[in-house]
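Trainee: Right, I'll just put the structure down here and ask away after.
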Amino acid sequence: MKHIGIVAVSAEGAALCYRTICLEGAAILGPHGHPEISLHGSSLRRYQRLIDEDRWDAVGEMMLESAARLVGSGAQLLICPDNTVHQGLDLVRERSPAPWIHIAEEVSNEARRCGFKRIAILGTRFLMEGAAYQSKLAPACIGYRVPNTEQRMRINQIIYDELVYGRFLPASRTYFQNVIRELGDNGCDAVALACTEIPLLISAADSPLPILDSTRILARAALREATSIEDTSASIDRI
């Protein structure tokens, strides 16, 4: 099995990703089984300062710093359960010391597998207004919509003031449900929960549209790759 390295950014998203790999690993490997996992995380505040300054190249460099530490600990494949910083990863991915599984690529693959034609994208303001998802959906011929400006600001506030601190409030759940319903009325047939904390607030049972849970989709992709019996030379090229 391959050793998984998790580049953590926010605590709640990283924890959910780690738990998913561990819990679902048992279905493949037997009771209590899962691949070896290492995790490294820099302060969210450091990342956020660079994001606020629109310094995506520096965000990518921070991710490579974590990647180097993880590879030094034995990691053979890398994931980051934070959607927003993938805009930085796209700038430095070719210099990575190990292959990456890209969260937006995996969500796009799942959307295509399910036959979705147009997805709603919910995440931080930076994610919804950036290119991390849009650049991956276009080659898959999948359309997308994002909430309006006022909704994007409110969703961003909920993420940073509540979700990253583990606060999941009924009023915020209702707000997300209303936004998802509106996007469904505007032609979306699924919603990408493209902030790794949103699945802790909105489950499939809560959503007016089918969900694409980016956190668990990424974790399951890493689990499949880590437990693949293919020869290393034939493994999926993630770089």
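Trainee: Let me test this: with uniform point scatterers at the alpha carbons of the stretch 1-124, what is the Debye-based log₁₀ I(q)/I(0) at q = 0.11, 0.21 1/Å?
Mentor: -0.40, -1.27
Trainee: In the stretch 100-140, how does Rg compare with the Kirkwood Rh, expressed as the Rg/Rh ratio over alpha carbon atoms? Mind dumping the intermediate values first?
Mentor: Details: Rg = 10.0 Å, Rh = 10.6 Å.
My calculation puts Rg/Rh at 0.95.
Trainee: Over the chain, what is the mean sequence separation of C-alpha contacts under 8 Å (at least six apart), divided by residue count, expressed as relative contact order in percent? Walk me through the intermediate numbers first.
Mentor: Values: 432 pairs, mean separation 60.6, N = 239.
It rounds to 25 percent for the chain.
Trainee: If I model the stretch 113-218 as equal point scatterers sitting on the Cα atoms and use the Debye formula, what is log10 I(q)/I(0) at q = 0.13 Å⁻¹?
Mentor: Log-scaled intensity ratios, in q order: -0.41.
Trainee: Could you derive backbone 3J(HN,Hα) for the stretch 209-217 from the dihedral phi with the Karplus parameters 6.51, -1.76 and 1.60 (θ = phi - 60°), listing whole Hz in sequence and x where the residue is Gly or Pro?
Mentor: Values, residue by residue: 10, x, 9, 10, 7, 4, 5, 6, 4 Hz.
Trainee: Counting pairwise Cα distances across the stretch 30-188, what percent come out greater than 18 angstrom?
Mentor: The share of Cα pairs beyond 18 Å in the stretch 30-188 comes to 65 percent.
Trainee: Gap in Å between the Cα centre of the stretch 69-111 and the Cα centre of the stretch 134-210?
Mentor: Computed from Cα coordinates, the inter-centre distance equals 22 Å.
Trainee: Could you sort Glu150, Glu36, Glu12 by their accessible area in this structure, using a 1.4 Å probe and putting the largest first? Don't jump to the answer; show the numbers that get you there.
Mentor: Values: Glu150 145, Glu36 115, Glu12 55 Å².
Accessible-area ranking of Glu150, Glu36, Glu12, largest first: Glu150, Glu36, Glu12.
Trainee: Can I ask one more? Could you list which residues have their amide H under 5 Å from that of His3, counting only those 5 or more apart in sequence or on another chain, with H placed in the peptide plane?
Mentor: Gln76, Leu77
Trainee: Related question: So what's the angle, to the nearest 10 degrees on a 0 to 90 scale, between helix 56-72 and the longest Cα principal axis of the chain?
Mentor: For helix 56-72, the angle is close to 40 degrees.
The values are calculated or read from the model by the stated rules, or taken from the named source; none is laboratory data. Please read all numbers here as calculations on a predicted model, not as lab measurements. Please note that ligands, DNA and RNA were not included when accessible areas were found on the heavy atoms of the full protein model with its side chains. Shrake-Rupley method; radii C 1.70, N 1.55, O 1.52, S 1.80 Å.
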